[in-house]
Ligand SMILES: Cc1ncc(COP(=O)(O)O)c(C=O)c1O
């Protein structure tokens, strides 16, 4: 059996090697390492794929969030509401910009921000909401946009884990695409969307990368400027910005991988289907929920364990060369980083409950049936003991 990994990037690379090698060599030959032609080509291709007006490439998904927040012109102490149950980057950038992260609870089924907790956390200082489409499942954007519109708040979707996902709206006009359809790509529903091209992401580069999306011309212009040292015209700096670029080499790789994104998503969904079939009837395991309003793109396949020793399962799987991961072992509001924030001293029972019970199994585009049978057999062997 081929060794099992959380993500098998090597096997995936070998399937597109000829194309990738040629594109990478072309960049080297051109020596246009910074802002070479593939960068704008990729921005255009991604914008067409997502159905969004502007795509601004940048250095990574953390910068993407930071640039988006810088562009909103928020003042120190302004509050930004976000789930605590997410990767640290989402909340870290809020604090980095001297804004106040306000941690709210998630829905136990979707693992995404809970609209009721969100609305309760709004104060006169609230300026923005950052929903996260965690593990590849969309947050309930209809409800979030309705709350945001009611309170005049900006929504930045952290789409690092859900690129390529579809969101099917119930109604809201913000959802209507130019063609009038109610199906939109995640990351294009809020005022701004951000993503990461970290190698293990569903659309991963061969190094770091990120992007920001928006339909808002003025915001796009400002974010482009911020990502480029605050300059529009060379050597004339209008505001404090940063240096955040997507490398030409990464753009060249991403241009190729973008063509395969839908097929990569299907492969991940088939892995999830296999796991679901194996685990669905086991009372000790709760399989990932799939809301009818979105297509789950399965960046992670995450089970909730019911009365199972998680460390024991993790160790048992490791003994059989099956990796498994806990995303995330400590939620944001319990991190030392935020201990001086009053807003971190909140009770988030669902977040705490999930943090102790979730476990993610290997999922990627190259998994075969032999590996899946082995993993599911071993998981069931342990939980049925
Ligand atoms: C939800 C979420 N937000 C933000 C990021 C940050 O992306 P990057 O690692 O490219 O900075 C990640 C990636 O790890 C993520 O999963």
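Read-outs throughout are calculated quantities, based only on the coordinates presented, and are distinct from any laboratory measurement. Small disclaimer: the values here were computed from a predicted structure and weren't measured. Every residue, glycine as well, gets a Cβ built from its backbone with ideal geometry; the counts of neighbours run over all protein chains shown.
Just checking the listed ones, 23, 128, 59: in the Gaussian network model of the chain with Cα springs under 10 Å, the one fluctuating most is 23. Two decimals, Cα atoms only, Kirkwood Rh: what is Rg/Rh over the chain? Radius of gyration relative to Kirkwood radius: 0.97. Could you check which residue among 235, 167, 328 shows the biggest mean-square fluctuation in a GNM of the chain with a 10 Å Cα cutoff? Evaluated over the chain, the most mobile residue of the options is 235. A protection proxy built from the mean count of other Cβ atoms within 10 Å ranks the segments 44-57, 153-166, most packed first, as 153-166, 44-57. Taking the inverse of the mean 1/r over every pair of distinct Cα atoms in the stretch 311-385 gives a Kirkwood hydrodynamic radius of 14.6 Å. Measuring from centroid to centroid over Cα atoms, what is the spacing of the stretch 60-95 and the stretch 104-157 in Å? About 14 Å separates the Cα centre of the stretch 60-95 from the one of the stretch 104-157. Subtracting the Cα-Cα distance of residue 289 and residue 276 from 0.36 nm times their residue separation leaves 3.7 nm of extension gain.
Separation between the residue 339 and residue 234 pseudo-spin-labels, each 7 Å from Cα along Cα→Cβ, expressed in nm? Placing both labels 7 Å beyond Cα along the Cβ direction yields 4.9 nm. Over every Cα atom in the stretch 33-88, the radius of gyration and the widest Cα-Cα span, Dmax, amount to 14.6, 40 Å.
Spin-label model, residue 384 to residue 116: label points 7 Å out along the Cα-to-beta-carbon direction sit 3.7 nm apart. For the stretch 188-289, taking Cα atoms only, Rg and Dmax work out to 19.3, 63 Å respectively. A simple spin-label model places the labels of residue 305 and residue 260 3.3 nm from each other, with each point 7 Å out along Cα-to-Cβ. Our note on the geometry: Cα centres of the stretch 326-365 and the stretch 241-286, 22 Å apart. For the stretch 227-276, place one equal point scatterer on every Cα, skip the solvent, and apply the Debye formula. What is log10 of I(q)/I(0) at q = 0.13, 0.15, 0.20, 0.29 Å⁻¹? Debye intensities relative to I(0), on a log10 scale: -0.58, -0.64, -0.76, -0.96. Dividing the convex hull volume of the alpha-carbon atoms in the stretch 239-341 by its residue count gives 248 Å³ per residue.
Taking the chain as a Gaussian network of alpha-carbon nodes connected by springs under 10 Å, the highest mean-square fluctuation of the residues 101, 76, 131 belongs to 76.
Computed on the Cα atoms alone, the convex hull of the stretch 29-188 gives a volume of 124 cubic angstrom per residue.
DSSP beta bridges confined to the chain are antiparallel in about 65 percent of cases. The three principal axes of the C-alpha atoms in the stretch 1-48 carry coordinate ranges of 42, 27, 16 Å, sorted with the longest axis first.
Neighbour counting of Cβ atoms within 10 Å sorts the residues 234, 290, 277, 184, fewest neighbours leading, into 234, 277, 290, 184. Using 0.36 nm times the number of residues separating residue 356 and residue 377, minus their current alpha carbon distance, what extension gain do you get? Here the segment from residue 356 to residue 377 would lengthen by 5.2 nm. Here 145, 1 are placed in order of increasing Cβ neighbour count within 10 Å, fewest first, which gives 1, 145.
The largest-to-smallest principal axis extents of the Cα set in the stretch 4-103 are 50, 37, 27 Å.
The length gained by stretching the chain between residue 218 and residue 318 to full extension, at 0.36 nm per residue less their Cα-Cα distance, is 30.9 nm.
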